[in-house]
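Notes follow the structure.
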Amino acid sequence: MKCKEINTKFIEYLEKELNETQIQQFEGHISTCTNCKKAFNSFIRIYAEIEFEKNEFSPDPFLGQKIWSKIDVKEKSYNSPILSIRRVAFTSIAAAGLFIGIIMGSLINSLILSSVNDEIEQSWTLLTEEYFPSEIYRPYEELANNE
Amino acid sequence: MTDQQIVKEILNSNSQKAFVELVDRYQPLVVKTCRGFVASYADAEDLTQEVFIEVYQSLSNFRNESKLSTWLYRIAVNKSLNFVRKKKRESVLQSIDRFFTGGNRGSQYFDIEENSNANPEKQIQKKEDKLILKQAINSLPDNQRIAFILSKYQDLSYKEIAEVMNVTVASVESLLFRAKANLQKKLVVKSKNKP
């Protein structure tokens, strides 16, 4: 076996998935090749962390109680009627305020617009009267007479 | 009490006793599964709490078609994957932040816990080994990672893994083969750069 091939057999060797011949070839190579030996030793150390993490577990006898109290707090906050009524009240008041605001705004706007329009119309009438006095210019009457 | 009785008790009478028994019974399964994905035992414990809260909240959706343990594995795996993704996103944002603020810490999305009893040199080496292992495991595609963790951290058989992952036994074999090959590649490269 060459270095490249050895480097693909680390896990298989550690998990005893190699056959007898492959094991002999693997061990033979590792004992003579310094680079592969070094890489294999580092690999063993890193891979051993899995076993370490597996055995790290220590049962917490109060875990069930802890989780239950968390669930209880959550449930209470979900089901609290005061909070939900308050929330609904706040939302309704805000929505009503917004609605009234929009209605008032559009009413005021239309009032202002109509008064402005009246003023504009009046000023146009005055201006027309000044340049084309109705006593002299009667275009509609003249048109009717011609017909 | 059997699993079915526990589930029935919780659903029908919201029994705290039954829930505590469920947690005690399946605590090792959930903690060890989560531990395979996350870098610290504390994170695995936090995730375990989240898993059991989810179990309680969605227990009414559990149908006795599969084993309770299979269902628990699925929830634990999903929670862990989401946790790791979230951590990864946070780490990317932090590295962007460091880039603009001129910080000099490298990108590490795993907070490896320290063992204060070991000597400093060994402690550093152990920390590095853990980091390399977790980075290698978490760089595997999701399916390979799940199969590998269920096999190595839980010693589940191919058949059991197939049930949890809802795939065929042949798929599990193939996933595990590829997971080991990929992991080996990544670890060999890293271990060559180490003393």
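A short reminder: the numbers here are calculations on the coordinates, not readings from a lab. Quick caveat, the model's predicted, so the values are computed rather than measured. Glycine gets a Cβ as well: all are built from the backbone with ideal geometry, and neighbour counts include every protein chain shown.
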Inset, instruction - Extending each Cα 7 Å along its Cβ direction at A:N109 and B:R25, get the distance between those two points in nm, one decimal. - result: 6.5
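With a Förster radius of 51 Å, plug the Cβ-Cβ distance of B:T70 and A:V116 into 1/(1 + (r/R0)^6) and report the FRET value to the nearest 0.05. Display every interim value, and only then the final one.
On the way: r = 75 Å, r/R0 = 1.47.
Taking R0 as 51 Å, the efficiency between B:T70 and A:V116 is 0.10.
Work out which helices of chain A, taken as complete DSSP H runs, extend at least 20 Å along their axis over the Cα atoms and score a mean Kyte-Doolittle of 0.0 or more, then list them.
Working: long enough: A:34-54 (31 Å, -0.40); A:63-79 (24 Å, -0.99); A:81-131 (74 Å, 0.79).
Passing helices, by number: A:81-131.
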Inset, instruction - Enumerate the whole-percent occupancy of each 5 Å bin, from 0 to the last occupied one, for all C-alpha pair distances of chain B. - result: 1, 7, 14, 16, 17, 15, 12, 8, 6, 3, 1, 0
Legend entry - Among A:S58, A:S110, A:S31: highest mean-square fluctuation, GNM of chain A, C-alpha pairs under 10 Å: A:S31
Legend entry - Pair-distance profile P(r), taking every C-alpha pair of the stretch B:1-111, with 10 angstrom steps and integer %: 13, 38, 24, 14, 8, 3
Inset, instruction - Could you list, by residue number, the cysteines of chain A that have no other cysteine's beta carbon within less than 4.7 Å of their beta carbon? - result: A:C3
Inset, instruction - Work out, step by step, the length gained on full extension between A:Y137 and A:F62: first 0.36 nm times the residue separation, then minus their alpha carbon distance; give nm to one decimal. - result: 16.7 nm
Legend entry - Virtual spin-label span in nm between B:D142 and B:I53, 7 Å along Cα→Cβ: 2.2
Legend entry - Crossing angle, helix B:169-192 versus chain B [Cα axis fit, 0-90 degrees, rounded to tens]: 20
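Per DSSP helix of 4 or more residues, -39500 (n - 2.57); summed, then divided by the residues of chain B. What does that give at 222 nm, rounded to the nearest 500? Present the calculation step by step, with values, prior to reporting the outcome.
Numbers: 8 runs with 146 residues, N = 195.
Mean residue ellipticity at 222 nm (helix-derived): -25500 deg cm²/dmol.
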Legend entry - Scattering profile of the protein assembly as shown at q = 0.10, 0.12, 0.15 Å⁻¹ [log10 I(q)/I(0), Debye over alpha-carbon scatterers]: -0.80, -1.02, -1.29
